[in-house]
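**Q** One structure, as structure tokens, below. Some questions next.
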Protein chains: 2
Amino acid sequence: MTTAPQDTLAQAILRGERRALARAITLVESGRDDHRAQANALLDAVRGAGRQALRIGLSGTPGVGKSTFIEAFGKMLTGQGKRVAVLAVDPSSARSGGSILGDKTRMERLSRDPLAFIRPSPSQTQLGGVARRTREAVTLCEAAGFDVVLIETVGVGQSETMVAEMSDLFVLLMAPAGGDELQGVKRGIMEIADLIVVNKADGDLKPVATRTCADYAGALRLLRKRPQDPQGFPKAVMVSATEETGLADAWAEMETLTAWRRENGHWDSRRATQARHWFEEEVRQGLLARLTGSAEARARMVDLGKAVATGDKMPGPAAEEMLRWLGR
Amino acid sequence: MTTAPQDTLAQAILRGERRALARAITLVESGRDDHRAQANALLDAVRGAGRQALRIGLSGTPGVGKSTFIEAFGKMLTGQGKRVAVLAVDPSSARSGGSILGDKTRMERLSRDPLAFIRPSPSQTQLGGVARRTREAVTLCEAAGFDVVLIETVGVGQSETMVAEMSDLFVLLMAPAGGDELQGVKRGIMEIADLIVVNKADGDLKPVATRTCADYAGALRLLRKRPQDPQGFPKAVMVSATEETGLADAWAEMETLTAWRRENGHWDSRRATQARHWFEEEVRQGLLARLTGSAEARARMVDLGKAVATGDKMPGPAAEEMLRWLGR
């Protein structure tokens, strides 16, 4: 039996080598077909190890102090000897071709920590592509022996739902705010949050943060009780990332929730549901990609679209023509 | 040349016979393959007449007095000699198998009007199916010589966007409300509205209605100016459906907007864009239907889904397996 290069890479990942992990993530981020095949072989090779990290999805709009929180929270965890990976998902970077300030610059102390691994957002045009690559990067981080994988996103569009669908816990980071702004939080986001963390509970903002935290706690109590939650969850807690207060309490809440879900089978069933969701989503995306995958398909879509726009064809029959061409 | 039954039906529709129109709509609502073929032939036969009605999308949550408004507004139009068709789109009826009180019971006076035609919501399980059948029913009403086609929907889920995508004008019917409730109107809905009509501007509610109307007018002014709008649009106006006041003014606003859009090419370009949208949407839905269209495809999806849920396969490779089976 010969050893494929992916096996060597797989072994280096399983030994926890960060450079190998970085190379592997670059491989899964590639759009090239041969890289795709290598990536699949690699994922298959590391999967057998069966390692699981706690996947924490984290969302917060710009200005809530997300980088500062991740750095302080991550340092607290590495201080306890835990290995922490941070993956960023930023759909807006698809336009700018990556964040202007790299994520490593944002979290300088954490990026120098030997127990931490920080990976900036890949610049992809499609959210579907970002989803797949991020999920695979999470799998690679787990194989590399990380204890906690933080999947960070900005609170825009569908990226929050996407990140929640690949996380064991979903944390919403919020800034202290007046009562009016609280209403601006979309109900759907409240419903996927397991923990709301109000940041900047320091200095002049502390009283506002206390009130905001109580407001969110009240709003969360109004939501329907979820079977996957123990008594008292979802919760709202308060931290100061700059003063590094409340972080241990926030972590304790996450551990309580995680332990309860593990004991009650919700951890496994959530992961199973998520895996099935992503399988179905990839099949759907793959089917739809046939419309844009070849120049011939694109040209036909354009031609039929024109005929429909001018009224020469009705949308329904034109669609049937396209579907026949794509093969029943 | 022989005359197919659809030609006879087509001729009866073009003569404006309401019974023929009702039969034709039943045909396009049918899920049977042979009916589908007949429906396509029928649509093709009537298309040549090139008749266009003003398609008005109308949305309003239960309780705003939608039926009362449509009846009063419709009667005003038929009083001017206009022929008015009302098509209802109610995705919630998919669950209940049709509205409990039929639409004709709701609008008794209008349903007895020889210039009016009222069609209740078909009970369909899929919004995609409802969209296609409603669009085709609109085409048939246009062929039958109706001047105005009102496409009515309740303000839930995606049905509003769907109706807006098949309308020349989109009208949002609102009830008088306090300032807090105003914030409950989703921004996306405000952005697709051409006219907000505040109903119940009568009796004790009149002062609240006046304030509500001013609030909406203010909120609309904050939205970005749209190229398809003349100065002053989108607008908010006030009516009382029970006292039948303000209806002529609301209609005058719709006529002003319509005339401007016709003169400036926006009417045609909007219809062209919508036709293209529905063509692309039907192709997408048709592709995705392959996942559920055969028992074999469904069984494969279930089997692969199980393998993914138990961790035997990764979502990505399992999806590739399914896509290969569906044929590249």
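**Q** At residue B:33, with labels set 7 Å past Cα in the Cβ direction, how many nm apart are the copies from this one, shortest first?
**A** 3.3
**Q** Same structure again: Lys/Arg Cβ at +1, Asp/Glu Cβ at -1, dipole of the protein assembly as shown taken about the Cα centre: which of B:150, B:64, A:62 is farthest positive-ward?
**A** B:150
**Q** Using the beta-carbon distance between residue B:244 and residue B:191 and R0 = 25 Å, what value does 1/(1 + (r/R0)^6) give for FRET efficiency, to the nearest 0.05? Please report the intermediate quantities before stating the final value.
**A** Values: r = 30 Å, r/R0 = 1.21.
After rounding to 0.05, the efficiency reads 0.25.
**Q** A further question on this structure: Output ³J(HN,Hα) for the stretch A:40-47: one whole-Hz value per residue in order, computed from phi by the Karplus curve 6.51 cos²θ - 1.76 cosθ + 1.60 with θ = phi - 60°, and x for Gly and Pro.
**A** Residue by residue, the stretch A:40-47 yields 4, 5, 5, 4, 5, 5, 8, 4 Hz.
**Q** If you line up the long axis of helix B:127-143 against the longest principal axis of chain B, both from Cα atoms, how many degrees apart are they, to the nearest 10?
**A** So the inclination is approximately 60 degrees.
**Q** Using amide H atoms built 1.01 Å from N in the peptide plane, name the residues 5+ places from residue A:238, or on other chains, whose amide H lies under 5 Å from its own.
**A** For residue A:238, whose amide H was placed from the backbone, the distant partners under 5 Å are A:198.
**Q** How far apart, in nanometres, would the label points at residue B:310 and residue A:298 be if each is projected 7 angstrom from Cα along the Cα-to-Cβ direction?
**A** Going from the residue B:310 label point to the residue A:298 one covers 4.2 nm.
**Q** Over the Cα atoms of chain A, each weighted equally, I'd like the Debye log10 I(q)/I(0) at q = 0.13, 0.14 Å⁻¹, rounded to two decimals.
**A** For chain A at q = 0.13, 0.14 Å⁻¹, log10 I(q)/I(0) is -1.01, -1.12.
**Q** Now a separate question. For peptide A:266-276, what's the mean number of Cβ atoms from other chains within 10 Å of each residue's Cβ?
**A** 3
**Q** Sticking with this structure for a sec: Quick one: check the C-alpha center-to-center distance for the stretch A:275-328 versus the stretch B:239-287, whole angstrom.
**A** 26 Å
**Q** Points 7 angstrom from Cα along the Cβ direction at residue A:273 and residue B:264: gap in nanometres?
**A** Here the modelled spin labels are 4.8 nm apart.
**Q** Right, here's the next one. For peptide A:287-293, what's the mean number of Cβ atoms from other chains within 10 Å of each residue's Cβ?
**A** Per residue, the number of nearby Cβ atoms from other chains is 4 on average.
**Q** Angle between the Cα long axis of helix A:18-29 and the longest principal axis of chain A, 0 to 90 degrees, nearest 10?
**A** 40 degrees
**Q** Measuring from a point 7 Å out along Cα→Cβ, what nm distances, shortest first, does residue B:210 have to its partners in the other copies?
**A** Label-point distances to the other copies, shortest first: 4.5 nm.
**Q** For residue A:150, enumerate residues with amide H under 5 Å from its amide H, sequence gap 5+ or separate chain, H modeled in the peptide plane.
**A** A:56, A:85, A:86, A:87
**Q** Which whole-number percent is the relative contact order of chain A (Cα, under 8 Å, 6+ apart)?
**A** Relative contact order, chain A: 17 percent.
**Q** Suppose each label sits 7 Å from its Cα in the direction of the beta carbon; what would the residue B:44-residue A:208 distance come out to in nanometres?
**A** For residue B:44 paired with residue A:208, the spin-label model returns 6.6 nm.
**Q** Let me have the 222 nm mean residue ellipticity of the protein assembly as shown computed from DSSP H runs of 4+ only, each contributing -39500 (n - 2.57), with the sum over all residues rounded to the nearest 500.
**A** -16500 deg cm²/dmol
**Q** Once you keep just the Cα pairs under 8 angstrom separated by 6 or more residues, what percentage relative contact order results for the stretch B:1-50?
**A** Normalised by residue count, the contact order of the stretch B:1-50 is 44 percent.
**Q** If you line up the long axis of helix B:315-326 against the longest principal axis of chain B, both from Cα atoms, how many degrees apart are they, to the nearest 10?
**A** 80 degrees
**Q** Please compute, for peptide A:210-217, the average count of beta-carbon atoms on other protein chains lying within 10 Å of each residue's beta-carbon.
**A** Mean number of neighbouring Cβ atoms from other chains: 0.
**Q** Residues with beta-carbon under 15 Å from that of residue A:260, excluding residue A:260: net charge, scoring Lys, Arg +1 and Asp, Glu -1?
**A** Around residue A:260, the charge tally is -1.
**Q** Report the calculated FRET efficiency for residue B:80 and residue B:161 (r = Cβ-Cβ distance, R0 = 30 Å), to the nearest 0.05.
**A** My answer for the efficiency is 0.45.
**Q** Moving on. Which links in B:186/B:225; B:66/B:186; B:82/B:186; A:66/B:186; A:225/B:186 stretch past 22 Å when you go from one Cα to the other?
**A** B:82/B:186; A:66/B:186; A:225/B:186, as the Cα separations exceed 22 Å there.
Every number here is computed from the coordinates shown, using simple stated rules; none is lab data. Remember, predicted model here, so these are calculated numbers, not experimental data. FYI the Cβ positions are ideal-geometry reconstructions off the backbone, even for glycines, and counts take in every protein chain you see.
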